[in-house]
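The structure appears right after this line, and notes come after that.
Just so you know, all these numbers are worked out from the coordinates, no wet-lab data involved. Here the structure is a predicted model, which is why all the values come from computation and not from measurement. We place every Cβ from the backbone using ideal geometry, glycine too, and count neighbours over all the protein chains shown.
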Amino acid sequence: MDSFPELNLPAKEGTKVYYDLLSEAKDDGTSSSLDSMLNDAEGDSPYDSHPTWDDFDELSEADKKLIQKQVQHQLKEVAEQTEKRSGSIPGELAEIIHKLRHVEPEKFNWKAYLRRFVGNSTISYTKKLRRKYNKRYVANPGLKIKFKNHVLVGVDTSASVSSDELMEFMNELHHMHKTGHKITVAQCDTRLNSVEDFNPKKDWNIKGRGGTSFQPVVDHYNEHGKYTALIYFTDGEAYNPSDCPKNTLWVLSNRSTMNNELPGKVIQLN
């Protein structure tokens with residue numbers, strides 16, 4: 001807007017609004033700044049040619065989706081910074097950002113499934129209660145003890161799993177997290193690439209995209225006694241692992257073929 005002070009362009013509008021106003025000013029010749037910019041750009045004009053568009057069309061689908069994810073991530077970051085500063089987002093961008101933040105309804109009843117393992121939970125949390133006094137120590141507040149599951153979620157990040165399938169897995173993880181249980185996500189292709197607590201506010205950085213093996217996640221579960229259940233998101237295209245825990249749930253994407261030979265309970269997202 002500072003480049004065209006004579007036009008008095010409105011603040012915080014969408015790109016289409018600015019494009020229409022500048023096009024009108026160009027046709028009417030009411031902006032000397034715009035005329036000067038266009039005259040300087042004649043010849044090898046970056047405004048009239050789009051050489052990078054052809055380069056983009058020649059990219060593979062995987063590279064296009066990667067660029068798309070990067071742009072979406074930047075849009076969300078800009079939106080969060082704008083909202084923190086009590087700013088307003090242009091209407092055209094607001095609709096796009098709303099779709100990026102939208103979480104689809106869950107395809108599986110995670111609350112009912114995880115309830116089965118509450119009795120085996122090894123994690124306890126204490127919470128002070130202001131309205132309830134401690135019977136032993138009258139001056140102190142009462143304590144409430146709450147037990148939680150600690151669920152290990154394996155995510156198949158091999159090359160056979162598409163970006164749409166990974167988004168489907170991410171959506172179910174959001175709903176699983178809402179049940180209040182502790183969720184640790186293990187990304188794995190032929191090896192364990194990442195093990196970290198699930199944070200719904202952070203973008204998912206995919207690590208892997210090689211071959212497929214379920215064994216590293218199963219071994220990690222067995223080597224650590226802190227987990228109460230294993231849930232594995234996958235397309236099911238790999239050899240069955242050995243020493244698989246009894247309380248294992250295999251969650252296959254809606255695109256995968258049902259594999260009932262996997263050890264444990266198997267469901268498919270529809």
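Beyond 29 Å in Cα-Cα separation lie the following of the pairs LYS69/LYS148; LYS16/LYS65; LYS16/LYS178; LYS202/LYS226; LYS107/LYS246; LYS69/LYS107: LYS69/LYS148; LYS16/LYS178. The length gained on full extension between ASN109 and ASN205, counted as 0.36 nm times the residue separation minus their Cα-Cα distance, comes to 32.0 nm.
For the stretch 147-268, what does the alpha-carbon gyration tensor say about shape, rounded, prolate or oblate, given a ≥ b ≥ c as the root eigenvalues, a/c under 1.5 as rounded, and a/b over b/c as prolate? The shape class here is rounded. Counting only DSSP beta bridges with both residues in the stretch 153-270, the antiparallel share comes to about 25 percent. Residues LEU269, LEU252, ranked from the fewest to the most other C-beta atoms within 10 Å, line up as LEU269, LEU252.
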